[in-house]
1. Quote to one decimal, in nm, the extra length available between Ala58 and Thr152 on full extension: 0.36 nm per residue of separation minus the C-alpha distance between them.
2. Neighbour counts of other C-beta atoms within 10 Å: give me Glu88, Glu120 arranged from fewest to most.
3. Normalised by the residues of segment 56-160, what does the relative contact order come to in percent, with Cα pairs under 8 Å and at least six apart?
4. Quick one: give the max-minus-min coordinate of the C-alpha atoms of segment 56-160 along each principal axis, largest first, in Å.
5. Length gain on complete extension for the stretch Lys142 to Ala116, per 0.36 nm per residue less the alpha carbon to alpha carbon distance?
6. Where does each of Val137, Val47 land when they are ranked from fewest to most other beta-carbon atoms within 10 angstrom?
7. For the cross-link pairs Lys121/Lys145; Lys53/Lys121; Lys53/Lys145; Lys62/Lys142; Lys45/Lys93, which exceed 18 Å when the distance is taken from alpha carbon to alpha carbon?
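Nothing in this text is a laboratory measurement; each read-out follows from the coordinates by a stated rule. Just so we're clear, the structure is a prediction, and the values are computed from it rather than from any experiment. Note that each Cβ is placed from the backbone with ideal geometry, even for glycine, and that neighbours are counted across all protein chains shown.
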Amino acid sequence: MFLSGLVGALLVIAAAVLLLDLKGGEPFGRAAHPSPSPSPSASKKPVLPAGVKCNGTACAGKDPEVMGCGGQYATSPSRGLAGGALIEVRYSKVCSAAWARITGAAPGDQTTVTAAGRSEKAGAGRDGDAYTAMVPVTGDPKKVKACGTTTTGAKGCTRPTAR
């Protein structure tokens, strides 16, 4: 009796599999069409660490600190001087973006960052520090350029650091 019940249950399961496509595709007997592969332009969003809110072009024009790209996620691949002010390119690999930072500057000194045809500018305040909004970076971050101009007319740009 047990054996008859088991065989009956197996027959019901086999009939269900044959009649229904458990994969959610076309019923058996019809030609299955392969799903189209994603186009090269359709890219997945990268998985970002907690607190990081943008990547690549989504970071363009945004504040690196507010978007979570600074701090532990930022490095300085390039540095330079404009008068006594330090100018740095700050780069975040996780955000695929860069920005310029000026420190030790006088109020009104300015810095500009440029990458891939995009530029952002910032001026130092009373504390002598400032940073620009971000520009997206697709290649080598050492190719991103930041320059500064002081209120006295001194100019300078960054150069890649030895690392």
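1. Details: separation 94, 0.36 × 94 = 33.84 nm, distance 3.57 nm.
Taking Ala58 through Thr152 to full extension adds about 30.3 nm, to one decimal.
2. Neighbour counts put them in this order, fewest first: Glu120, Glu88.
3. 31 percent
4. Principal-axis extents of the Cα atoms in segment 56-160, largest first: 35, 24, 23 Å.
5. Taking Lys142 through Ala116 to full extension adds about 8.1 nm, to one decimal.
6. Val47, Val137
7. On the way: Lys121/Lys145 12 Å; Lys53/Lys121 22 Å; Lys53/Lys145 24 Å; Lys62/Lys142 21 Å; Lys45/Lys93 15 Å.
Too far apart for the 18 Å limit: Lys53/Lys121; Lys53/Lys145; Lys62/Lys142.
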